[in-house]
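In what follows, a single structure is set out as structure tokens and then discussed.
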Amino acid sequence: MKSKQKPTVIADLLEKPGHLIRRAHQKSVAVFEGPASRFGITAPQHVVMTALFKHPGIDQVTLASLIALDKVTTGSIISRLEARGLLRREKSQHDKRARVLVLSPAGQQLLIDMQDTVKLSQRDLLANLNPSERKSLLHLLRKLIGAEDAAMVRGKSKP
């Protein structure tokens, strides 16, 4: 005797948040790295440089945690940026055994020079959204990753 099985329902790809987030990430990388290629900086390198600009003098483990990349990947990015003279490892003023990371003057200038390109790429990424939708998307993405409270504390976002 055959048992009756419920028909399997498989959600459409456009109903799967993980798929949509992956597609959005692919678009984000493509939109950023096209124009940013003239600076020779990848999206992850830009994230590292921005984090060091905002938090100069942090150590590599703290940086990896801050930008949510593993230590090995972060170390590789740091090595490439250091080889280009865009950041330096310095002795910590608080712990002479520890090394901290700072952007070099050339790294700071490159980051500043990139800002118009970064703003244009962000505008292009969000072009299909109206201003209210853009604000909502950023709010929801921060909430999804558990960072909305941190943004509120810094005064960058209002519900």
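The values are calculated or read from the model by the stated rules, or taken from the named source; none is laboratory data. Here the structure is a predicted model, which is why all the values come from computation and not from measurement. Backbone-built Cβ (ideal geometry, glycine too); neighbour counts: all protein chains shown. Side chains included, ligands, DNA and RNA excluded: accessible areas come from the protein's heavy atoms. Shrake-Rupley method; radii C 1.70, N 1.55, O 1.52, S 1.80 Å.
Structure summary
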quantity	calculated
Across Lys27/Lys119; Lys16/Lys143; Lys16/Lys71; Lys27/Lys54; Lys71/Lys91, pairs whose alpha-carbon gap is larger than 21 Å	Lys16/Lys71; Lys27/Lys54
Accessible area of region 25-150 divided out per residue, in Å², using a probe of 1.4 angstrom	63
Residues Lys6 and Gln26, FRET efficiency given R0 of 30 Å [Cβ-Cβ distance, rounded to 0.05]	0.30
Rg(Cα)/(2.2 N^0.38 Å) for region 1-79, N = residue count	1.75
Karplus (6.51, -1.76, 1.60) ³J(HN,Hα), θ = phi - 60°, over region 14-26, in Hz, Gly and Pro reported as x	6, 10, 9, x, x, 5, 5, 5, 4, 5, 5, 5, 4
Projected area averaged over orientations for region 72-153, convex hull of C-alpha atoms, nm²	8.2
Farthest toward positive dipole pole in region 1-146 [+1 Lys/Arg, -1 Asp/Glu at C-beta], among Gln45, Leu110, Ile145	Ile145
Debye equation applied to the C-alpha atoms of the chain, log10 I(q)/I(0) at 0.13, 0.15 Å⁻¹	-0.76, -0.96
Rounded to whole Å, sorted largest first: equivalent-ellipsoid semi-axes of region 33-125, Cα gyration tensor	24, 13, 11
Centre separation in Å (Cα based) which lies between region 1-56 and region 87-144	18
Share of alpha-carbon pairs per 10 Å distance bin for region 45-86, given as whole %	31, 65, 4
Of all accessible heavy-atom area on region 1-48, the percent that carbon and sulfur account for (1.4 Å)	61
For Ile58, residues with placed amide H under 5 Å, excluding near neighbours	Leu101
Nearest-0.05 FRET efficiency for Ile145 and Arg89, computed from C-beta distance (R0 25 Å)	0.30
